[in-house]
Amino acid sequence: MGIPELDTKNEEVTQHVDWDKAYNSEIFKKIVKKRYGFVIPALLIYIALFLIQFAIGLKKDQTLVLGNLNTFYLYTLILYPVLWGAAYWFTKYSNKHIYPLEDELVKEFGKVEKH
């Protein structure tokens, strides 16, 4: 996918995309819809997970679970792998659903120029 291969041994090649036309295209609207369709729910889930710790009173709970770590601290630490997992999941999702559309957009609205 993407730009067709060019013989560029002794030439400089640049690519220009007409973003004004691309921005108004159906492909661009699909890309935005797919990104928001992933990012907004993921963000809401993360915020909900973050707020749960306050709702169930983990902030006030001083029960030591592991050494000197209380339940609030451990729950907060759990959110880091959750966030990294979401980033990994978004990368996989983008590779499958978003990047092919971006390649299609560049093919349709891009121009390759040799200098």
Problem - Residue-by-residue Karplus 3J(HN,Hα) for segment 97-107, coefficients 6.51, -1.76, 1.60, Hz, glycine and proline x - result: 10, 9, 4, x, 5, 5, 4, 4, 4, 5, 4
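Which whole-number percent gives the relative contact order of segment 16-108, counting Cα pairs below 8 Å spaced six or more residues apart? Don't skip to the end; give the middle numbers.
Numbers: 41 pairs, mean separation 38.5, N = 93.
Reported relative contact order: 41 percent.
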Completion exercise
Phi-derived 3J(HN,Hα) across segment 67-75 with the Karplus relation (6.51, -1.76, 1.60, θ = phi - 60°), rounded Hz, x for Gly and Pro, is x, 9, 8, 8, 5, 4, 5, 5, 4
Practice task
Set Lys and Arg Cβ to +1 and Asp and Glu Cβ to -1, take the dipole of segment 16-108 about its Cα centre, and tell me which of 82, 28, 40 lies farthest positive.
Solution key: 82
Fill in the blank from the handout: Karplus ³J(HN,Hα) for segment 80-90 (6.51 cos²θ - 1.76 cosθ + 1.60, θ = phi - 60°; Hz, whole; x = Gly/Pro) runs 5, x, 4, 5, 5, x, 5, 5, 5, 4, 5
Practice task
Sequence neighbours fewer than 8 away in the same chain don't count; with that in mind, list the lysines whose C-alpha is under 23 Å from residue 92.
Solution key: 29, 30, 33, 34, 107
Fill in the blank from the handout: Computed from every Cα-Cα pair in segment 16-108, P(r) in 5 Å bins starting at 0 and rounded to whole percents is 3, 12, 17, 14, 12, 10, 9, 7, 6, 5, 4, 2
Exercise for the section: Would you please give the residues with an amide H less than 5 Å from that of residue 65, counting only those at least 5 places away or on a separate chain, with H modeled from the backbone geometry? Expected result: 70, 71
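Readers should treat all values here as calculations from the given coordinates under stated rules, not as data from a laboratory. Computed from a predicted model, the values in this text were never measured in an experiment. Heads up, the Cβs are rebuilt from the backbone with ideal geometry, glycines too, and the neighbour counts pull from every protein chain shown.
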